[in-house]
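Enquirer: Have a look at the structure that comes next, please.
The values are calculated or read from the model by the stated rules, or taken from the named source; none is laboratory data. Because the structure is predicted, anything quoted here is derived from the model rather than measured. In this analysis, Cβ positions are derived from the backbone assuming ideal geometry, glycine residues included, and neighbour counts consider all displayed protein chains. With ligands, DNA and RNA removed, areas are computed over all heavy atoms of the protein, side chains included. Shrake-Rupley method; radii C 1.70, N 1.55, O 1.52, S 1.80 Å.
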Amino acid sequence: MRSSLSITLVALVVAGCSAAVPASTQTRSAPVAQAAFAVSEPRELLPDEQVQQVLNRLAFGARPGDAEKVRAMGVDRWIALQLTPDRIGDEAAEQLTGHYETLNARTTDLIETYRQVQQARRREQMQLRADGDTTASKQDARRDALAADPQLRDLARRAQRIVGDVQSAKLARAVVSERQLDEVMVDFWENHFSVYSGKGQTRLFLASYDRDVIRPYALGKFRDLLGAVAKSPAMLFFLDNWQSAADSTHPTLATARGAQRRFGLARRPAQQQRRARGLNENYARELMELHTLGVDGGYSQRDVIEVARALTGWTMNPREGAFVFRPEMHDAGTKVVLGHTLAAGRGIEDGEDVLDLVARHPSTARFITTKLVRHFVSDSASPALVSRCAGVFTKTDGDIRETMRCIVTSPEFFSRAAYRAKVKTPFEVVASALRAMNAQPDTTPRTAQLVARLGQPIFGRQTPDGWPDRGDAWMNTGSILNRINFGLAVAAGRVPGASLASWPAAASLRAVGREEQVDGVIKAILGGQSSPETRSILLSGENPLLDKLGSADSSSMAMDDSVPTDEMMAPPRARQAGAVVAKNGRPRANAVSVLNRPLRLEGLAQVVGLALGSPEFQRR
Amino acid sequence: MNRRVFMKSGALAMVTMGLSPSFLRRSVYGMELLRGASTHGNRRGKVLICLFQRGAADALNVVVPHGEAAYYRMRPSIAIPRPVSGAAQAAVDLDGFFGLHPSLQPMKELWDRGILAPVHAVGSPSNTRSHFDAQDYMESGTPDNKGTPDGWLNRYLATRGTCEECATGARQAGHQPSPNGAKPQPSPFEAVAMTPQTPRILEGPAPVIAMNGLDEFSIRTNGSEAQRIEALYRTGSADVVHAAGGEMFEAMKILRSANPQQYVPEHSAEYPRSPFGQHLRQIAQLIKADIGLEVAFADVGGWDTHVNQGGATGQLAARLDDFSKSIHALVTDLGDRMADVVIMTMSEFGRTARQNGNGGTDHGHATALFVIGGDVHGGKKVFGRWPGLEPEQLNEGRDLALTTDFRAVFSEVISKHLGAQKLDAVFPGFENDKARWLGLI
């Protein structure tokens, strides 16, 4: 009975259906060698808990009505559908991302914009100096240049939007997209292949990185994803490979070939200049340590150098921001990588072979699967599950979709131990709160700045290792406070796009008593899961713990409303208005003030604020 | 009910909930801590304040080698005039060879008091000229190795109390063993960064509080809701989320008792209204609150002076004015407490010895820094071997050469001032030859 049901469900999915599929499609036959969802495996979680589990792990939390939809469709069918995002219409997300000014611009145009503003600033600065103003700063010159030229002003504004647009769009997609698992995967890979917006021009390449590099392969073949990353301007620039060239002790491809063509001598000066920069091992090392094999994956420092040599000449055209292979930078000697010899005199194939080698290495299957299991199941990735699904990774030649299917249909995924076992990252806290409130994100960077304020600026991880994926890394004194204040700010309607007015549950809950309100909020925001203590605290007018202890003086830990904001210690900068994102993607004044202004919550908003600030909401 | 009783009841309640070892590790520091707080520092600890000048400060115009003829040849329009030149705005002489930029006049007073030690020709051995990479290296403490996940200041915190003898020896700030023999728990305010996010230098396993201002450190709603939220985190399970929440409420309570809203600097110290000045003022508040602060961090930008940096006046002069007035105010405000405090400045690299075509300077190599404190051998000399500025003495023919690895300075400071012992763990891969330390402290 069960297996026949599952085959029917596969048929539905393969036919590309959504919940509203007509019954007639069920008669189509299914090409189902991969009727792999293991419905027959015992699952510890109750059906409703399974619904919560998939919405918390394979989506950024539930929007109103999502739990009912998943329940109606069936958890397994919903998973199968999410694993094939092409079959899910996503107009809302597409429409929203169409509204960003710089998101869909060509990289080469962004570079040009940036260049023009820089040039104008320099010209102005020279001019000021010629006029005898010796104290003008970069900022002064920039301001003067912009004041004189409206067209330039427009360009400058555009250049400033680049990081904010990318950050805002990523969050907005996480909130509104119907292809939730795809968004979760994009977030996972952008963290796995982490780049930092604050390093030089990296930010000009971020939109393309998300759109052209990560997104198309998020559930595809790992080798394709790895290859796209290796050739992406964002990674080439961030990890310096774009300027890695053969050491002076090695022949380059162009000298080898050029000598045969007798062009060698004429080209020498330019080559020497380029070659003076020499080999840069940065990308080669991270490629193996962070992107594929893992730090104990069985490579040596010798391998790092050999891989770096193989990847010399993998660079980009700095004006276009596009990958290009430059033979004159490429080390033409023989290399030995992980025991495999790469013959002398070859070109771009050296790098392709290296990517093949590391992508198909058994350490990579284990390393990638471990990270996926840690992200989707629990911090202590079960070795048995890792080994099973790493087997799938290897057997399917690094098929991410099939590896994911193995993980998220496993008994471990639906085990009691994995339930609500993950601590949300700041990005997940913000996205899930907005989803719970049925928020309609705007295209400003304001809400994305709150993610930064909570400690995880989007594309703002300085080191190439990505943000940690363990709960204890996110739970500390400072971070928990900001999370609580964020929850209160959402309930108070201070976060753009989110308000009680746009929250469907509000209409009915406003009219009922406290107990019904509390249960409604627990159901809508905490997925019906709260400890009895939490429920009783939400219910109570008084604080039971403090009552019990008879505390009289602990009431003053809140912001004292009687102190006017102006007299607080806030540095002048924190009071300035305006939503500005610094070059490094970190938040400026605006995000700070959203979380810092004192607020007062009453009635339903109070219950919502408490729920969003509760320990339960910090987990998924 | 007084707070101590509350803490005892709170701790008791937590113990009866059946706590996991990791929960114990992270929590219930309250009793020791409050005792430390309430007795107002009879065992006051040592404090290190690190100040990062982001953007690469022009060391040659900060600590000016006015005895070098080459300095004036290479910087025709931006050099700081010799002290004896009679110029209205000239270098403030230190030792007949070096002087301070005139905007650093307030620092001269610290020199005269014998608590300011400049170090020259110091920095990172890495050849990178990228701000990002160089800051990364100075904060990770591992030049040319980008894989280091944590910062050196956090590694110091994480490794400094782990051995038994260290626990009784080096650690002092509010870390007395508790009467019942439980392991002393650290203060939540041991490490504070006055920055929106934890800076690279403090990333790592040891807990750190990062904040823009002390006023941020509160629940933004009225009293009864704050109480309820506290109750949410104090009841129910004993997991990492609840533990962090519990800690946070303790920290808030402690800070509240320090009453940051009512702070008045002492000794007529006047902090500039700039973000940097205000951040230093708040660091002073935390120190005086005796809540276990051991390491503080703040940063200040605006040093990347490629164009029109100015000489005795102008852009760089304005940055230095804010910088030195802020530090001077901090030292003044702290008064006698400077006996236990060291302030250390740093910047990712120096700038080219020659001025460029735009009246500025480009990315260079070695830089200069200041170490200030009661136990610092200040006011005597500019530390570090001076490599000279003649063409053949320059790094790659263009920058001040490096004679002191920044790790040697940082090691000496954390070792002699804070009592750090595991320098190999703090600066892995660095051969820490104590014979080559500069004798700053």
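Enquirer: Give B:ARG354, B:ARG337 a once-over and let me know the one that is closer than 27 Å to B:THR403 by Cβ, more than 14 Å from chain A (Cβ to nearest Cβ), open to solvent by 10 Å² or more (accessible area, probe 1.4 Å) and in contact (Cβ under 8 Å) with a residue 40 or more places away in the chain. Outline the logic, then answer.
Expert: On the way: B:ARG337 fails: closer than 27 Å to B:THR403 by Cβ.
None of the others qualify; the one that does is B:ARG354.
Enquirer: Restricting attention to the stretch A:442-464, and to residues there that are open to solvent by 20 Å² or more (accessible area, probe 1.4 Å) and β-branched (Val, Ile, Thr), which single residue is farthest from the other protein chains (Cβ to nearest Cβ)?
Expert: Per the stated criteria, the residue is A:THR443.
Enquirer: Still on this structure, please answer the following. Applying the selection to the stretch B:361-388, what residues are surrounded by 23 or more Cβ atoms within 10 Å (Cβ to Cβ) and either among the basic types (Lys, Arg) or more than 24 Å from the chain's Cα centre (by Cα) (or both)?
Expert: The answer is B:THR361, and nothing else.
Enquirer: Condition first: under 23 Å from A:SER177 (Cα atoms), at pLDDT 95 or above, open to solvent by 10 Å² or more (accessible area, probe 1.4 Å) and not in a helix (DSSP H, G or I). Can you find one or more residues in the stretch A:494-504 that meet it?
Expert: Among the residues of the stretch A:494-504, not one is under 23 Å from A:SER177 (Cα atoms), at pLDDT 95 or above, open to solvent by 10 Å² or more (accessible area, probe 1.4 Å) and not in a helix (DSSP H, G or I), which makes the answer no.
Enquirer: Give just the number: which of (1) more than 7 Å from chain A (Cβ to nearest Cβ); (2) open to solvent by 20 Å² or more (accessible area, probe 1.4 Å); (3) over 23 Å from A:PRO468 (Cβ atoms) does B:SER187 not satisfy?
Expert: Among (1) more than 7 Å from chain A (Cβ to nearest Cβ); (2) open to solvent by 20 Å² or more (accessible area, probe 1.4 Å); (3) over 23 Å from A:PRO468 (Cβ atoms), B:SER187 violates only (2).
Enquirer: Also, I was wondering about something else. One residue is enough: does the stretch A:470-490 have a residue meeting the conditions modelled with pLDDT of 90 or more, over 22 Å from B:GLY246 (Cα atoms) and within 13 Å of chain B (Cβ to nearest Cβ)?
Expert: Yes, the stretch A:470-490 contains a residue that is modelled with pLDDT of 90 or more, over 22 Å from B:GLY246 (Cα atoms) and within 13 Å of chain B (Cβ to nearest Cβ).
Enquirer: Going by the conditions given, is B:LYS325 crowded, with 20+ Cβ neighbours inside 10 Å, within 27 Å of A:ILE484 (Cα to Cα) and basic (Lys, Arg)?
Expert: It is false that B:LYS325 is crowded, with 20+ Cβ neighbours inside 10 Å, within 27 Å of A:ILE484 (Cα to Cα) and basic (Lys, Arg).
Enquirer: So which of A:PHE393, A:PHE376, A:PHE367 ends up being in contact with a strand residue (DSSP E or B) (Cβ under 8 Å, 6 or more places away or on another chain), at pLDDT 95 or above and more than 30 Å from A:ARG326 (Cα to Cα)?
Expert: Values: A:PHE376 fails: in contact with a strand residue (DSSP E or B) (Cβ under 8 Å, 6 or more places away or on another chain); A:PHE367 fails: in contact with a strand residue (DSSP E or B) (Cβ under 8 Å, 6 or more places away or on another chain).
The conditions single out A:PHE393.
Enquirer: Test each condition in (1) surrounded by 18 or more Cβ atoms within 10 Å (Cβ to Cβ); (2) of a type outside the set (Ser, Thr, Tyr); (3) part of a helix (DSSP H, G or I) for A:ILE305 and report the one that comes out false.
Expert: Unmet for A:ILE305, out of (1) surrounded by 18 or more Cβ atoms within 10 Å (Cβ to Cβ); (2) of a type outside the set (Ser, Thr, Tyr); (3) part of a helix (DSSP H, G or I): (1).
Enquirer: Consider B:PHE276 carefully, then state whether it is more than 12 Å from chain A (Cβ to nearest Cβ), touching a residue at least 40 places away in the same chain (Cβ under 8 Å), closer than 22 Å to B:PRO196 by Cβ and not charged (D, E, K, R).
Expert: On the way: more than 12 Å from chain A (Cβ to nearest Cβ): no; touching a residue at least 40 places away in the same chain (Cβ under 8 Å): yes; closer than 22 Å to B:PRO196 by Cβ: yes; not charged (D, E, K, R): yes.
No.
Enquirer: A follow-up question, please. Mind counting the residues in the stretch B:59-74 that are surrounded by fewer than 24 Cβ atoms within 10 Å (Cβ to Cβ) and assigned to a helix (DSSP H, G or I)?
Expert: 6
Enquirer: Considering only residues that are open to solvent by 20 Å² or more (accessible area, probe 1.4 Å) and part of a helix (DSSP H, G or I), which ones fall in the stretch B:289-321?
Expert: B:GLN315, B:ALA318, B:ARG319, B:ASP321
Enquirer: Looking at the stretch A:452-496 only, could you name the residues that are among the hydroxyl-bearing types (Ser, Thr, Tyr) and over 21 Å from the mean Cα position of the chain (by Cα)?
Expert: Our first condition is that a residue be among the hydroxyl-bearing types (Ser, Thr, Tyr); within the stretch A:452-496, this holds for A:463, A:477, A:479.
Correct list: A:THR477 only.
Enquirer: Separate question: Mind checking which residues of the stretch B:229-252 are closer than 13 Å to A:TRP474 by Cα and small (Gly, Ala, Ser)?
Expert: Result: B:ALA243, B:ALA244, B:GLY245.
Enquirer: Evaluate the stretch A:209-219: report whether one residue or more is open to solvent by less than 20 Å² (accessible area, probe 1.4 Å) and more than 14 Å from the chain's Cα centre (by Cα).
Expert: The answer is yes; a qualifying residue exists.
Enquirer: Can you tell me which residues in the stretch B:136-147 are outside any helix (DSSP H, G or I) and more than 15 Å from A:TYR196 (Cβ to Cβ)?
Expert: Narrowing the stretch B:136-147 to residues outside any helix (DSSP H, G or I): B:141-147.
Across the stretch B:136-147, the qualifying residues are B:GLY141, B:THR142, B:PRO143, B:ASP144, B:ASN145.
Enquirer: Suppose we keep only residues that are in a loop (DSSP other than H, G, I, E, B) and not charged (D, E, K, R) within the stretch B:219-242. Which one would you say is nearest to the chain's Cα centre (by Cα)? Before the answer, list the steps.
Expert: Initially, the stretch B:219-242 is screened for residues in a loop (DSSP other than H, G, I, E, B), giving B:220-222, B:235-239.
Subset that is not charged (D, E, K, R): B:221-222, B:235-238.
On the way: B:THR221: 32, B:ASN222: 34, B:THR235: 37, B:GLY236: 39, B:SER237: 37, B:ALA238: 34 Å.
Here the residue is B:THR221.
Enquirer: Name the single residue, out of those in the stretch B:105-135 being away from chain A (no Cβ under 14 Å) and in a loop (DSSP other than H, G, I, E, B), that is nearest to B:ARG351 (Cα to Cα). Walk me through how you get there before you give the answer.
Expert: Taking the stretch B:105-135 and keeping what is away from chain A (no Cβ under 14 Å), we get B:105-125.
In the following step, the residues that additionally are in a loop (DSSP other than H, G, I, E, B) were identified as B:113-115, B:124-125.
Working: B:ARG113: 30, B:GLY114: 28, B:ILE115: 27, B:SER124: 13, B:PRO125: 15 Å.
Ranking the candidates gives B:SER124 first.
Enquirer: Could you check the stretch A:418-436 and list, in sequence order, the residues that are open to solvent by less than 20 Å² (accessible area, probe 1.4 Å), out of contact with any strand residue (DSSP E or B) (no Cβ under 7 Å at 6 or more places or on another chain) and within 14 Å of another protein chain (Cβ to nearest Cβ)?
Expert: Kept after step one, since they are open to solvent by less than 20 Å² (accessible area, probe 1.4 Å), are these residues of the stretch A:418-436: A:418, A:422-436.
Now narrow it down to the ones that are out of contact with any strand residue (DSSP E or B) (no Cβ under 7 Å at 6 or more places or on another chain): A:418, A:425-436.
A:THR425, A:PRO426, A:PHE427, A:GLU428, A:VAL429, listed by residue number.
Enquirer: To continue, here is another question. Conditions first: (1) within 14 Å of chain B (Cβ to nearest Cβ); (2) assigned to a loop (DSSP other than H, G, I, E, B). A:ALA439 passes all but one, so which condition is the exception?
Expert: Answer for A:ALA439: the failing condition is (1).
Enquirer: Which of the numbered conditions does A:ALA92 fail, given that it passes all the others? Conditions: (1) assigned by TED's automatic domain parsing to the domain that holds A:THR202; (2) hydrophobic (A, V, I, L, M, F, W, C); (3) open to solvent by 40 Å² or more (accessible area, probe 1.4 Å).
Expert: Of everything listed in (1) assigned by TED's automatic domain parsing to the domain that holds A:THR202; (2) hydrophobic (A, V, I, L, M, F, W, C); (3) open to solvent by 40 Å² or more (accessible area, probe 1.4 Å), A:ALA92 misses just condition (1).
Enquirer: Further question on the same structure: Out of the stretch A:392-405, which residues are surrounded by fewer than 23 Cβ atoms within 10 Å (Cβ to Cβ) and either touching a residue at least 12 places away in the same chain (Cβ under 8 Å) or of a type in the set (Val, Ile, Thr) (or both)?
Expert: Going residue by residue through the stretch A:392-405, those that are surrounded by fewer than 23 Cβ atoms within 10 Å (Cβ to Cβ) are A:392, A:394-399, A:401-402, A:405.
Once the filter is applied, which keeps residues that are surrounded by fewer than 23 Cβ atoms within 10 Å (Cβ to Cβ) and either touching a residue at least 12 places away in the same chain (Cβ under 8 Å) or of a type in the set (Val, Ile, Thr) (or both), the stretch A:392-405 yields A:VAL392, A:THR394, A:THR396, A:ASP397, A:GLY398, A:ASP399, A:ARG401, A:GLU402, A:ARG405.
Enquirer: For the stretch A:329-351, which residues satisfy the criterion of being surrounded by 19 or more Cβ atoms within 10 Å (Cβ to Cβ) and assigned to a helix (DSSP H, G or I)?
Expert: Once the filter is applied, which keeps residues that are surrounded by 19 or more Cβ atoms within 10 Å (Cβ to Cβ) and assigned to a helix (DSSP H, G or I), the stretch A:329-351 yields A:MET329, A:ASP350, A:GLY351.
Residue by residue, here is whether (1) out of contact with any Leu (no Cβ under 9 Å at 6 or more places or on another chain); (2) surrounded by fewer than 20 Cβ atoms within 10 Å (Cβ to Cβ); (3) of a type in the set (Gly, Ala, Ser) holds:
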| site | (1), (2), (3) |
| --- | --- |
| B:ALA243 | no, no, yes |
| B:GLY246 | yes, no, yes |
| B:LYS253 | no, no, no |
| B:TYR263 | no, yes, no |
| B:HIS267 | no, yes, no |
| B:GLU270 | yes, yes, no |
| B:PRO275 | yes, no, no |
| B:GLN278 | yes, no, no |
| B:ILE283 | no, no, no |
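Enquirer: What is the residue count in the stretch A:505-530 for residues that are surrounded by 20 or more Cβ atoms within 10 Å (Cβ to Cβ) and under 21 Å from B:THR235 (Cβ atoms)?
Expert: Number satisfying all stated conditions: 8.
Enquirer: Same structure again: Could you go through the stretch A:163-170 and let me know if any residue there is more than 20 Å from A:GLN449 (Cβ to Cβ) and at pLDDT 95 or above. Can you show your working first?
Expert: If we filter the stretch A:163-170 for residues that are more than 20 Å from A:GLN449 (Cβ to Cβ), which is where we start, we get none.
Looking through the stretch A:163-170, none of the residues is more than 20 Å from A:GLN449 (Cβ to Cβ) and at pLDDT 95 or above.
Enquirer: Looking at this structure, is B:LEU389 assigned to a loop (DSSP other than H, G, I, E, B), farther than 25 Å from B:ILE201 by Cβ and touching a residue at least 12 places away in the same chain (Cβ under 8 Å)? Full working, then the answer.
Expert: Working: assigned to a loop (DSSP other than H, G, I, E, B): yes; farther than 25 Å from B:ILE201 by Cβ: yes; touching a residue at least 12 places away in the same chain (Cβ under 8 Å): yes.
In short, yes.
Enquirer: Kindly establish whether A:ARG123 is farther than 20 Å from B:GLY302 by Cβ, more than 14 Å from every other protein chain (Cβ to nearest Cβ), open to solvent by 20 Å² or more (accessible area, probe 1.4 Å) and part of a helix (DSSP H, G or I).
Expert: Working: farther than 20 Å from B:GLY302 by Cβ: yes; more than 14 Å from every other protein chain (Cβ to nearest Cβ): no; open to solvent by 20 Å² or more (accessible area, probe 1.4 Å): yes; part of a helix (DSSP H, G or I): yes.
When the stated conditions are applied, A:ARG123 does not pass them.
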